[in-house]
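Notes for the one structure printed next.
Throughout, read-outs are computed from the coordinates displayed, never taken from laboratory work. Given the structure is predicted, the values throughout are model-derived calculations rather than measurements. FYI the Cβ positions are ideal-geometry reconstructions off the backbone, even for glycines, and counts take in every protein chain you see.
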Amino acid sequence: MSEQISNWAGNVTFTATRLHRPTTVAELQALVAGAERIHALGTAHSFSRVADSPGDLVTVAGLPPVMDVDTAAGTVTVSAGLRYGELAPYLNDKGYALHNLGSLPHLSVAGACATGTHGSGMRNGGLATAVTAMELVTAGGEVVHVRRGDDIFDAVVVGLGAFGVATRLTLELQPAFEVEQYVYDDLPFTALREHFTEVMAAAYSVSAFTDWAGPTIRNIWVKRRVDEPLPPPERWLGAVRADGPRHPVPGMPAENCTEQLGVRGPWHARLPHFRLEFTPSSGEELQTEYFVAREDAVAALEALDGVRDRIAPVLQICEIRTIAADRLWLSPSYGRDSVAFHFTWVKDAAAVAPAVAAIEERLAPFGARPHWGKVFAMAPEVVAERYPRLRDAAALARARDPHGTFRNEMLDRYLNG
C-alpha cells in the first residue's frame with residue numbers, strides 16, 4: 001500500500017511512497033535483492049533529500065534489538081535502528097560510555113553515523129568515529145562485514161546510505177563518567193572572537209548559541225566532566241552563569257532540555273541538549289550547517305558578522321561547536337579539526353534561501369563543507385572540491401552498486417564522481 005512519507009520537519013515529502021519495515025535480516029535481504037531502487041531511512045531528522053528514493057524506503061527499526069557488550073574488546077555491537085537514547089542508559093548501567101552524543105538522543109545509531117552527525121568538544125570526533133565495524137546488506141542482498149582497517153571502511157561509515165543498508169554497528173566504549181552542565185548568559189561577541197579557543201576548550205563539550213541580533217552570544221553551554229580540573233566561575237569573560245534552566249531557542253520550554261545549573265549526572269543525561277522523553281520542538285524549522293577548519297574560526301565569525309542583517313530576521317538560533325578531525329571520507333571533519341556553524345531557521349524556504357546564499361558566499365574563502373543532512377545550495381563541483389575524498393567515495397559506491405539500487409536524486413547530484 002502506498003503512503004505519503006515526510007521527514008520530521010515536514011519540509012521534505014519523499015518521492016518513495018512505500019516504507020518497508022522488515023523484522024528479520026533475511027526479510028531485509030530479500031527486499032533489497034528484489035528492489036530496483038531502495039534506500040534506508042533512519043529517524044527522518046534530516047532536512048535534505050539524502051534519505052530519499054525514487055523506489056522504496058526501508059527502516060531497520062523493526063529488526064530485533066541488539067546491545068552486545070564485548071568487555072575484552074571494549075566495544076558494543078548494536079542493531080542499526082536503535083536510538084542513542086535507548087542505548088546510552090544501558091551502557092551506563094554496565095559502567096560504560098560512548099565518547100560523545102549529538103544534541104538529540106532521538107537519532108538512530110546508523111542514521112546519525114551515515115550522515116556525519118556530531119556533538120561538540122575540541123578533542124571529540126563525530127559520532128561515526130566510534131564505529132569499529134559494520135554489518136551491511138549490499139545491493140545484491142548479501143550480508144557483508146566491514147571493519148576498521150579494511151580498504152573501504154573509511155568510505156562506508158559516513159556513507160550516506162550509498163553502500164547498503166546497515167543492520168549492525170560496533171562502537172568503541174570508555175568507562176562511564178559524570179558531567180556537570182552550566183549555562184552562561186550574554187557573552188560579549190568580542191569576547192568569543194578574542195578568546196575563541198579558551199571558550200571552546202573550557203570543558204569536555206562546549207556550545208555557543210547566538211541569534212546574530214545583537215552584540216552578545218546569547219548562551220554558552222558548558223558540559224564539564226567532573227574529573228576535569230575546576231568548575232567554571234560565576235562570571236566569565238563578561239558572561240554570567242544562568243540563574244535558571246535555559247532552552248537554546250528563545251521562548252521554548254526549558255524542561256525539554258537536559259539538566260543544568262551544575263547538577264551532576266551521568267554522561268548520557270548531560271551531553272545531549274534535549275531529553276529523550278520530550279520532543280525537542282514541533283519540527284517547525286529548517287536547518288543548515290557548515291564546517292570550517294578550526295584555525296579559521298575567528299575569521300569565519302567575522303565574515304558571518306558582516307551578514308547578520310540577513311541572518312537574524314529568519315533565524316531561530318545558531319549553534320557553534322568544535323569537532324576533532326577524522327579519516328572518514330565523507331565526514332565534514334575529514335582531515336581537519338573543525339568548527340561547525342549550525343543555523344536553525346524559521347520554516348520558510350523562500351525566506352531562508354537568501355540567508356543561506358549569503359552564508360555560503362561569506363564562508364567560501366574558508367572551504368566550508370555543508371552537512372549532508374541539512375539544507376544547502378552549493379553546486380556539486382564546489383562540494384566535490386571541499387570534500388577531498390568525495391570522488392573516491394563516488395567511484396567506490398558506483399563499483400559496489402553498479403545498478404544504482406541505493407541511488408537517489410541527491411546522491412546522483414553530489415556523489416557523481
Item to check | Percent RCO, i.e. relative contact order, over segment 67-175, from Cα pairs under 8 Å lying at least 6 residues apart | outcome: 33 percent
Checklist entry - How far, in degrees from 0 to 90, does helix 349-363 lean away from the longest principal axis of the Cα atoms of the chain, to the nearest 10? => result 70 degrees
Item to check | Cα convex hull of segment 158-222, projected area averaged across orientations, nm² | outcome: 7.5 nm²
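Students often check this: by mean Cβ neighbours within 10 Å, which of 332-339, 86-93 ranks highest, and how do the rest follow? Before the final figure, lay out each step's value.
On the way: 332-339: 23.1, 86-93: 18.0.
Descending mean neighbour count gives 332-339, 86-93.
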Next on the checklist: Could you identify which residue out of Thr59, Thr279, Thr132 has the top mean-square fluctuation in a GNM of the chain using Cα springs shorter than 10 Å?
Outcome noted: Thr279
Checklist outcome for this item: Those trypsin sites (Lys or Arg not before Pro) from segment 28-120 that are DSSP loop and have at most 15 other Cβ neighbours within 10 Å turn out to be Lys94
Item to check | Relative contact order %, the chain, counting alpha carbon pairs below 8 Å whose residues are six or more apart | outcome: 18 percent
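As a test of understanding, state the convex hull volume per residue of the chain from its alpha carbons, in Å³.
Numbers: hull volume 53.6 nm³, N = 417.
So the per-residue Cα hull volume is 128 Å³.
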Checklist entry - Pick from Phe209, Phe163, Phe278: which residue has the top mean-square fluctuation in a GNM of the chain where Cα pairs under 10 Å get a spring? => result Phe278
Checklist entry - How large is the charge dipole for segment 177-280, taken about the Cα centre, if only the Cβ atoms of Lys, Arg (+1) and Asp, Glu (-1) carry charge, to the nearest 20 debye? => result 100 debye
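Shape call for segment 67-175 from the C-alpha gyration tensor, a ≥ b ≥ c root eigenvalues: rounded (a/c under 1.5), prolate (a/b greater than b/c) or oblate?
prolate
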Checklist entry - So, in Å, what gap is there between the alpha-carbon centers of segment 307-359 and segment 25-43? => result 32 Å
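Using the Cα centre as the reference, give the magnitude of the dipole from point charges on the C-beta atoms of segment 67-175 (Lys, Arg: +1; Asp, Glu: -1; all else neutral), rounded to the nearest 20 debye. Walk me through the numbers before you get to the answer.
Values: 6 positive and 10 negative charges, 54 e Å.
Approximately 260 debye in magnitude.
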Next on the checklist: Please compute the length gained on full extension between Leu19 and Val240, using 0.36 nm multiplied by the number of residues separating them and subtracting their Cα-Cα distance.
Outcome noted: 74.7 nm
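Treat every Asp and Glu Cβ in the chain as -1 and every Lys and Arg Cβ as +1, leave all other atoms uncharged, and give the resulting dipole magnitude about the Cα centre to the nearest 20 debye. Walk me through the intermediate numbers first.
Working: 38 positive and 49 negative charges, 48 e Å.
Once rounded to the nearest 20, the dipole reads 240 debye.
Rounded to the nearest 0.05, what FRET efficiency is calculated for Glu3 and Val143 with R0 set to 22 Å and r the Cβ-Cβ distance?
Numbers: r = 28 Å, r/R0 = 1.27.
Rounded to the nearest 0.05, the efficiency is 0.20.
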Checklist entry - Quick one: if you stick a label point 7 Å off each Cα along the C-beta vector at Asp151 and Asp412, how many nm between them? => result 2.9 nm
Item to check | Options Val356, Ala303, Met378, ranked by Cα towards positive dipole end of the chain, top entry (Cβ charges) | outcome: Met378
Next on the checklist: Tell me the mean residue ellipticity at 222 nm calculated for the chain from its helices only (DSSP H runs of n ≥ 4, each -39500 (n - 2.57), averaged over every residue, nearest 500).
Outcome noted: -6000 deg cm²/dmol
Item to check | Residue (of Val76, Ala130, Gly55) at the positive-pole extreme of segment 50-138, dipole from beta-carbon charges | outcome: Ala130
Checklist outcome for this item: Note, segment 136-147: 3J(HN,Hα) by Karplus (6.51, -1.76, 1.60, θ = phi - 60°), whole Hz, Gly/Pro = x, goes 10, 9, 8, 4, x, x, 7, 9, 10, 10, 10, 10
